[in-house]
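One structure below.
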Amino acid sequence: MTIIWAGESKSLTSMATGGRLSTAKYKVTSDYVYLDTGLLSSKGEQIPMWAIRDCDVKQSLVQRARGVSNLSLMCEHNDFTGKKQFVLEDIEGARELRDLINSHSKAARIEHESQQKSQTVNYSGAPVIPQMSAPSSDDTI
C-alpha cells in the first residue's frame, strides 16, 4: 500500500491549539481513502477508490482566508453500499487532491469493472456426465 497523499483537518480547533488537536486525519492510497475523525471518541472509515464517482471542492469566505477547503467525495457506484458522500474538511491543497483522486478513482473503476466482468467460477468437484437411460421394453417396435 503506497500512500499518495496524507493530511489533516486544519479546523479552527486545530489552529487554536497550534495543531496539537486535530479533529480529522486523512490518508489516500491508490486503493482507498481513509478518514479518521474525532477528538474524544474516534471514527475510522475507508472508501474504496473504485466507488468514488466525483469530487467537489467547496470553500467558504472564512476558509478562503485560512487557505483551506472542503473536498466532498461522491460515492454512487452500483457495488458500493456505504454512504453516498464523504467530506474531507478544512484541508490544504483540495484542488490538487481532487485531481489526484479523480485520476486514481477512474483507473480503479476501470479495473474493478473489468474484474467484475471476468470473474469465473472454479468448480473442483467431479464432472457432471448426463445419464443415458436404457431403452425400456415399451420402446421396442
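So the values come out like this:
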| item | result |
| --- | --- |
| Residue satisfying condition, being at pLDDT 95 or above and of a type in the set (Gly, Ala, Ser), within set Ala16, Ala6 | Ala6 |
| Condition check for Ser41: free of Cβ contacts under 8 Å to residues at least 60 places away in the same chain, hydroxyl-bearing (Ser, Thr, Tyr), open to solvent by 70 Å² or more (accessible area, probe 1.4 Å) and over 25 Å from Gln115 (Cβ atoms) | yes |
| Residue count, region 9-31 (criterion: over 25 Å from Ser105 (Cβ atoms), surrounded by 14 or more Cβ atoms within 10 Å (Cβ to Cβ) and among the aliphatic types (A, V, I, L, M)) | 0 |
| Among (1) of a type in the set (Ser, Thr, Tyr); (2) farther than 22 Å from Glu111 by Cβ; (3) modelled with pLDDT of 95 or more, the one test that Tyr34 misses | (2) |
| Selected residue (criterion: surrounded by the most Cβ atoms within 10 Å (Cβ to Cβ)) from residues of region 45-90 that are β-branched (Val, Ile, Thr) and not in a strand (DSSP E or B) | Val68 |
| Qualifying positions in region 15-38 - out of contact with any strand residue (DSSP E or B) (no Cβ under 9 Å at 6 or more places or on another chain) and without any contact (Cβ under 8 Å) to a residue 12 or more places away in the chain | Ala16, Thr17, Gly18, Arg20 |
| Checking Ala6 against (1) surrounded by fewer than 16 Cβ atoms within 10 Å (Cβ to Cβ); (2) more than 17 Å from Glu96 (Cβ to Cβ), the condition it does not meet | (2) |
| Boolean, Leu100 is open to solvent by 40 Å² or more (accessible area, probe 1.4 Å) and modelled with pLDDT of 90 or more | yes |
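The values are calculated or read from the model by the stated rules, or taken from the named source; none is laboratory data. The shown structure was predicted, so the numbers you read here are calculated from the model rather than taken from an experiment. Neighbour counts are summed over all protein chains in view; Cβ atoms, including those assigned to glycine, are modelled from backbone coordinates with ideal geometry. For accessibility, only protein heavy atoms count, side chains too; no ligands or nucleic acids. Shrake-Rupley method; radii C 1.70, N 1.55, O 1.52, S 1.80 Å.
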